[in-house]
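Written below as C-alpha cells is the structure these notes are about.
Please treat every number below as a calculation from the coordinates, not as lab data. For clarity, every value in this text was computed on a predicted model and none was experimentally measured. Here the Cβ is made from the backbone with ideal geometry for all residues, glycine too, and neighbour counts use every protein chain on show.
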Amino acid sequence: VLAGLRIPALRHALQGAQAHLAGSRLLGILGVLLCAFGIGLAVWARACLGRNWGMPVSRKAEPELVTTGPYHFARHPIYGGMLLAMLGSAIGAIAGPPSSA
C-alpha cells in the first residue's frame, strides 16, 4: 500500500475517489452495518465456544472441536468478525459526516 501511494497517478486517483465518496450517506450506512455485523459475528462465535474458551497455553483435559454456529461455516469466525468490524469502521471513516445541503 505504501509503495502504491508513492506512485503519483495512483495517489491522485485515490484522493479523487475519497473526495467523491466523502459525505456519502449510503457508504456511511454500509460501514455501520458491516461494523455491527462483524461485532455481532465475533460475539456469537465467542458464545458458541462456551467452556472451550481459554488461554492459548492452557490444556483442556477433554478438548472438543466446536462445529456449531459460525464454526460450521468458518474456522476463525471471531477473527473474521473483528476484521469485518474494522473494514466497516474504515469505510465509515472514508464516508465521513454527511454533507449539509
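Here's how it looks for GLY23: its modeled amide H is under 5 Å from those of GLY96, which are all 5 or more places away or on a different chain. Against the chain, whose longest principal axis comes from its Cα atoms, helix 25-49 is set at around 10 degrees. Percent of Cα-Cα pairs per 5 Å bin, from 0 to the last occupied bin, for segment 1-72, please list those. Binned Cα distances yield the sequence 3, 13, 12, 11, 11, 10, 9, 9, 11, 7, 3, 1. Mind pulling the angle between the C-alpha long axis of helix 8-21 and the longest principal axis of the chain? Nearest 10 degrees, somewhere in 0 to 90. Compared with the principal axis, the helix lies near 80 degrees. Think of each Lys and Arg Cβ as +1 and each Asp and Glu Cβ as -1; about the Cα centre, that makes the dipole of the chain roughly 160 debye. For the chain, the relative contact order works out to 48 percent when only alpha carbon pairs closer than 8 Å and six or more residues apart are counted.
Couplings for segment 75-82, taken from phi via the Karplus curve 6.51 cos²θ - 1.76 cosθ + 1.60 with θ = phi - 60°, read 7, 10, x, 5, 4, x, x, 5 Hz in order; Gly and Pro are left as x.
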